[in-house]
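Remarks on the structure that follows.
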Amino acid sequence: MKKMFFSVLVSFLITGFVVYSIVNYFFIAPLENEIALVQAETEKTRIETAKLRNTLKPQVESCQSQNQLDPNFANLSWPVAGAENLSNYEVDDKSLDISLSPRSAIVAVAKGKISSVSDIEMHSNPTRKLVVVDHDNHLLSIYAAQSEIVVKIGQPILAGDLIGYSSEEDIGSLHFELRHCYEEINSINFFQN
């Protein structure tokens, strides 16, 4: 009886070890390798970003001393038409993430000129579009959303003019930023109450 119990126990342990080895080899080890690669890439990006910030710091300081933020650039229009109540957003550091209903109109917050329209990958979402509006005096507004864009580079734009629409299928969000002299500024301080 003891011999049979011992045989079953050894057999069970060997089977468990074999199953663990197979699972580890085919599933766990590749995931650990992928995690290590992502961590290494994240660290590399963090180091490159820090170097770039240090490189740009004198340019940013020079730009800011020569180009003071225009006090008339306050009381901006909300960047989503029909959602001016300011209850559908979340402040992420200095930028805004604004909830969008399907097919929401995304509009310019102030007069300017379209300086960039491009596809971006943001949070593993390759279908986002990025639009940058130059408002002069080194002030930019940036809009990133899953959307259809209706503006072209170089196009003049006024506050409230249509930039594009959010996705028809999904409830999504608009990532919105204001930048002055290359640096992000606190967007929420510039909107009408």
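The values are calculated or read from the model by the stated rules, or taken from the named source; none is laboratory data. Nothing here was measured: the structure is a model prediction, and the numbers come from that model. Note: ideal-geometry Cβ built from the backbone for every residue, glycine included; neighbour counts use all protein chains shown. Remember, those area values only see protein heavy atoms, side chains included, never the ligands or the DNA or RNA. Shrake-Rupley method; radii C 1.70, N 1.55, O 1.52, S 1.80 Å.
A few remarks follow.
- Residue selected from region 176-193 under the condition part of a strand (DSSP E or B) and open to solvent by 50 Å² or more (accessible area, probe 1.4 Å), by the criterion nearest to residue 115 (Cα to Cα): 179
- Here residue 78 clears all of (1) at pLDDT 80 or above; (2) open to solvent by 100 Å² or more (accessible area, probe 1.4 Å) except the condition numbered (2).
- Qualifying residues in region 156-175 (those that are of a type outside the set (D, E, K, R) and farther than 18 Å from residue 119 by Cβ) - the one surrounded by the most Cβ atoms within 10 Å (Cβ to Cβ): 157
- Residue in region 120-128 that is at pLDDT 80 or above, within 19 Å of the chain's Cα centre (by Cα) and open to solvent by 30 Å² or more (accessible area, probe 1.4 Å) present: no
- Of all residues in region 137-155 being farther than 30 Å from residue 63 by Cα and at pLDDT below 85, the one that is surrounded by the most Cβ atoms within 10 Å (Cβ to Cβ): 147
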